[in-house]
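So the structure is just underneath, and the comments pick up after that.
The values are calculated or read from the model by the stated rules, or taken from the named source; none is laboratory data. Note that the structure is predicted; figures quoted are calculated from it, not measured. Here the Cβ positions follow ideal geometry from the backbone for every residue, glycine too, while neighbour counts run over all protein chains shown.
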């Protein structure tokens, strides 16, 4: 029987998740798994607000510094990562604290994703040919399965590629394939979820402060390095904090305007994160950092 206690801590960006997670992990003798779509990248340190070695306080963290900026990942990356960390915790008699702002990945861990077929080289070649004309490929798929494709944008090359691979490999429409291959939850046991709550105006001030600290710590130099090494093509180069800095480097914004834009866009992200968390998870335990700390440490 599994002997592993695991909890999840979620909340908007700049809400204090990292600090609380470290305190709880110390108390629970736990590893930490970060569910953050930017901290997962190596070399993206300042703009991701990735916890430093000092902030990690001796707790082993997973899900940070996992891949390089030019490497692709999706939700299946996090599912595999969770499975590996879960196994490690069991072997080492550790508990697990899952923490992050990208709650979509937590939702997928709980609800699961459908297993995809193994894709042959022949199928990959056929898909590649169709992707040369993305609008035409989308139109083909839409004519075959309008119900499924209505949820995919005609510019979403990543998902269109996946659907083409499924269709050419199995001969099945995506609706039929996913009907026959329903998602299987990765986290099968009960997972308590704790959500940090902040007053909107106070959170905005925290975001503004963190943005200024990022700039002082070398945000602009970090983005220059990333652009030089990886160009602007990777998806992560479109993240908040990176895109505004690139605009500053292009002369679109002044430095002060760049800081203002990062702060505003981060605050908007925080609002979206809160809306998502409130709508997608049931029976969340909500409270301030102090309130949740008392609950979790007592």
Please verify whether residue 152 is in the same structural domain as residue 283 (by TED's automatic domain parsing) and under 21 Å from the mean Cα position of the chain (by Cα), treating the condition exactly as stated. no
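Being at positive phi and either modelled with pLDDT under 95 or touching a helix residue (DSSP H, G or I) at 6+ places or on another chain (Cβ under 9 Å) (or both): is that true of residue 112 here? Walk me through how you get there before you give the answer.
Details: at positive phi: yes; either modelled with pLDDT under 95 or touching a helix residue (DSSP H, G or I) at 6+ places or on another chain (Cβ under 9 Å) (or both): yes.
Spelling it out, residue 112 is indeed at positive phi and either modelled with pLDDT under 95 or touching a helix residue (DSSP H, G or I) at 6+ places or on another chain (Cβ under 9 Å) (or both).
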Quick check on my filter: what residues within segment 20-61 are closer than 20 Å to residue 193 by Cβ, touching a helix residue (DSSP H, G or I) at 6+ places or on another chain (Cβ under 8 Å) and surrounded by 22 or more Cβ atoms within 10 Å (Cβ to Cβ)? 20, 24, 30, 32, 33, 35
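Answer yes or no: is there a residue in segment 242-252 that is touching a residue at least 40 places away in the same chain (Cβ under 8 Å), more than 20 Å from residue 14 (Cα to Cα) and surrounded by fewer than 19 Cβ atoms within 10 Å (Cβ to Cβ). Outline the logic, then answer.
Looking only at segment 242-252, we keep the residues that are touching a residue at least 40 places away in the same chain (Cβ under 8 Å), and these are 242, 245.
Those left that are additionally more than 20 Å from residue 14 (Cα to Cα): none.
No; the residues of segment 242-252 include none that is touching a residue at least 40 places away in the same chain (Cβ under 8 Å), more than 20 Å from residue 14 (Cα to Cα) and surrounded by fewer than 19 Cβ atoms within 10 Å (Cβ to Cβ).
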Answer with yes or no whether residue 193 is surrounded by 14 or more Cβ atoms within 10 Å (Cβ to Cβ), out of contact with any strand residue (DSSP E or B) (no Cβ under 6 Å at 6 or more places or on another chain), in the same structural domain as residue 20 (by TED's automatic domain parsing) and within 24 Å of residue 8 (Cβ to Cβ). no
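Of the residues that sit in segment 286-298 and are in a helix (DSSP H, G or I) and in contact (Cβ under 8 Å) with a residue 60 or more places away in the chain, which one is nearest to residue 214 (Cα to Cα)? It would help to see each step written out before you state the result.
At the first step, the residues of segment 286-298 found to be in a helix (DSSP H, G or I) are 289-297.
Cutting the leftovers down to in contact (Cβ under 8 Å) with a residue 60 or more places away in the chain gives us 289, 292-293, 295-297.
Working: 289: 22, 292: 27, 293: 26, 295: 31, 296: 30, 297: 30 Å.
So, considering only residues that are in a helix (DSSP H, G or I) and in contact (Cβ under 8 Å) with a residue 60 or more places away in the chain, the one nearest to residue 214 (Cα to Cα) is 289.
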When you look at residue 50, is it in the same structural domain as residue 284 (by TED's automatic domain parsing) and under 14 Å from the mean Cα position of the chain (by Cα), yes or no? yes
How many residues are surrounded by 13 or more Cβ atoms within 10 Å (Cβ to Cβ) and closer than 30 Å to residue 170 by Cβ when one looks only at segment 103-128? 18
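Within segment 103-125, does at least one residue satisfy the condition of being under 29 Å from residue 211 (Cα atoms) and touching a strand residue (DSSP E or B) at 6+ places or on another chain (Cβ under 7 Å)?
Looking only at segment 103-125, we keep the residues that are under 29 Å from residue 211 (Cα atoms), and these are 103-107.
Then keep just the ones that are touching a strand residue (DSSP E or B) at 6+ places or on another chain (Cβ under 7 Å); that gives 103, 106.
Yes, the conditions are met somewhere in segment 103-125.
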Note on segment 236-285: residues in contact with a helix residue (DSSP H, G or I) (Cβ under 8 Å, 6 or more places away or on another chain) and not in a helix (DSSP H, G or I) are 240, 241, 253, 254, 281, 284, 285
If we ask which residues in segment 161-176 are buried (at least 19 other Cβ atoms within 10 Å of the Cβ) and either in contact (Cβ under 8 Å) with a residue 60 or more places away in the chain or out of contact with any helix residue (DSSP H, G or I) (no Cβ under 6 Å at 6 or more places or on another chain) (or both), their number turns out to be 1
I need the full set of residues from segment 144-160 which are farther than 23 Å from residue 72 by Cβ, assigned to a helix (DSSP H, G or I) and in contact with a helix residue (DSSP H, G or I) (Cβ under 9 Å, 6 or more places away or on another chain), in order please. 144, 147
